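Participant: Take this structure first; my questions come after.
The values are calculated or read from the model by the stated rules, or taken from the named source; none is laboratory data. Note that the structure is a prediction, hence the values are computed from the model and not measured. Every residue, glycine among them, receives a Cβ derived from its backbone with ideal geometry; neighbour counts consider all protein chains shown.
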Amino acid sequence: MKIGILAVQGAFAEHGAVLDAMGIPHGEIRCKEDLQRSFDGIILPGGESTVQGKLLRELELFSPIRQWIEGGMPVLATCAGMILLAQKIEGQDDAYFQTVPITVRRNAYGRQLGSFHTEDECSGAGRVPMTFIRAPYVTQAEKGVSILSTVQGHIVAVRYQNQIALSFHPELDHDYRLHQMFLDLCL
């Protein structure tokens, strides 16, 4: 098994460190040539979704990665990654990959000062630590989307087919259960 990590911006190194700790081979996806390698799953990290979306298009990564996802490649998307997967983004006319039928609210908890850490239940993983940094949350989930977790009455983790989208950053905590849930989809 080998996992690709989108590495154009954001917390990609932190996801790489988790996979290293778990003994899972991985490679960074920075340019079109990186797509020639074979991957069994892809991680879309947190960061700035607008910047990531712009770079995905400029670097000619957008369409091939979208095709991978639509073809069933497992995805773990955290924070900005959730925004990249969402079918709709509140207050915007356009969206990115649009592969998960959810509507998200960007920076839903406010700016940097609204960041927080908690622990809560996540279906399939138990009680897990959750670090929210300028995080989105899901305001609407369509039929077929499994809600994995809610915090403060808001949807913060979903699964749709082979895609897991999280509002928070599991790569910043030393609990690998959510990464393992994703890796189990890649087998």
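Participant: Restricting to the stretch 1-59, name every residue that is over 18 Å from I133 (Cβ atoms) and free of Cβ contacts under 8 Å to residues at least 12 places away in the same chain.
Facilitator: Residues satisfying the conditions are D20, G23, E33, Q36, K54, R57, E58.
Participant: Moving on to the next point. Assess whether F132 counts as being closer than 22 Å to G16 by Cα and without any contact (Cβ under 8 Å) to a residue 60 or more places away in the chain.
Facilitator: Answer is yes for this residue.
Participant: Which count do you get for residues in the stretch 56-86 that are in contact with a strand residue (DSSP E or B) (Cβ under 9 Å, 6 or more places away or on another chain) and in a helix (DSSP H, G or I)?
Facilitator: Final tally of qualifying residues: 10.
Participant: Now for a different question. So for the stretch 28-35 (the condition being farther than 25 Å from V151 by Cα, in contact with a strand residue (DSSP E or B) (Cβ under 9 Å, 6 or more places away or on another chain) and in a helix (DSSP H, G or I)), does at least one residue qualify?
Facilitator: So far as the stretch 28-35 goes, yes, one or more of its residues are farther than 25 Å from V151 by Cα, in contact with a strand residue (DSSP E or B) (Cβ under 9 Å, 6 or more places away or on another chain) and in a helix (DSSP H, G or I).
Participant: Quick check on the stretch 67-124: of everything there that is touching a residue at least 60 places away in the same chain (Cβ under 8 Å) and not aliphatic (A, V, I, L, M), which residue is farthest from A157 (Cα to Cα)?
Facilitator: That would be G72.
Participant: Testing L183 on (1) modelled with pLDDT under 95; (2) crowded, with 19+ Cβ neighbours inside 10 Å, one condition comes back false. Which one is that?
Facilitator: Looking at each condition in turn, L183 falls short on (1).
Participant: Determine if the stretch 28-50 includes at least one residue that is within 26 Å of E142 (Cβ to Cβ) and over 14 Å from the mean Cα position of the chain (by Cα).
Facilitator: Yes: the stretch 28-50 contains one or more residues that are within 26 Å of E142 (Cβ to Cβ) and over 14 Å from the mean Cα position of the chain (by Cα).
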